[in-house]
Amino acid sequence: MKKICAIFAMMAMIVIMPTGCRPQNEEPAAEQSSPVQPSSAQTEIAENSEEEKDAVQFSENGASSKPIAEEKREESKADDEEKGGAENTMRLLIGETEVPVAWEENGSVKALQDLCPLTIRMSMYGGFEQVGPIGQNIVREDQQTVTDSGDIVLYSGNQIVIFYGSNSWAYTRLGHIDLPEQEMLNLLSGGDVTITLE
């Protein structure tokens with residue numbers, strides 16, 4: 001009977017023992033810390049800061065200038081215009097057909113541009129070219145030249161010649177029509193034509 005009472009007493013002590021107590025040699029479990037996530041507002045501010053840094057240059061006096069992207073577009077456009085020269089500003093039509101022309105960069109082409117818009121009645125000559133008067137003399141830089149189909153030249157400072165064949169003479173080169181020889185024949189060998197420069 002004493003043994004039974006002792007067992008009950010021990011069980012009672014275990015039951016009333018605070019559940020929060022741990023053995024002294026047991027360490028508490030480490031608290032898990034969740035990583036700190038930046039708020040959406042912080043993320044947005046950081047992104048805006050980077051965009052502003054890339055988009056705006058500051059001049060020496062501290063004032064902001066044009067966005068870099070816009071300045072680059074303007075520089076690229078200026079470079080294209082400088083390289084393209086007359087190619088981007090003067091069109092050539094044979095009759096009603098506009099033809100692709102790579103214009104030379106010289107004083108004669110610039111003088112021709114100043115006269116635009118210009119319509120010229122051309123005449124067939126020699127079975128290899130069409131020639132027509134500009135109506136006045138412009139600057140020329142004549143050199144002995146062997147021409148080919150598609151070449152455009154200035155003759156005697158006051159006439160334009162477009163070739164659908166070949167010839168050799170002293171001309172000032174104006175440009176070249178980038179079409180196959182057969183297309184040049186179709187455009188120019190069937191009779192007199194009218195050309196328009198604009």
Item to check | Cα-based Rg / Dmax (Å) for region 144-198 | outcome: 11.0, 29
Checklist entry - Between E141 and A102, what FRET efficiency follows from the Cβ-Cβ distance if R0 is 25 Å, with the result rounded to 0.05? => result 0.90
Item to check | Calculated from backbone phi, Karplus (6.51, -1.76, 1.60) coupling profile of region 177-193 in Hz, x at Gly/Pro | outcome: 7, 8, 9, x, 4, 5, 5, 5, 4, 4, 6, 10, 8, x, x, 4, 10
Checklist outcome for this item: Taking placed amide H atoms and a strict 5 Å upper bound, the residues 5 or more places from T145 or on another chain that come that close are W169, A170, Y171
Next on the checklist: Please list, in order along region 142-156, the HN-Hα scalar couplings obtained from phi with the Karplus expression 6.51 cos²θ - 1.76 cosθ + 1.60 (θ = phi - 60°), rounded to whole Hz, x for Gly and Pro.
Outcome noted: 4, 9, 4, 9, 9, 8, 9, 4, x, 6, 10, 9, 9, 10, 6
Item to check | Whole-Å semi-axes of region 91-197's equivalent ellipsoid (Cα gyration tensor) | outcome: 19, 16, 13
Checklist entry - What's the exposure ranking of E129, E183, going from fewest to most Cβ atoms within 10 Å? => result E183, E129
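Throughout, read-outs are computed from the coordinates displayed, never taken from laboratory work. All values derive from a computational prediction rather than experimental measurement. Virtual Cβ from ideal backbone geometry, glycine too; neighbours counted across all protein chains shown.
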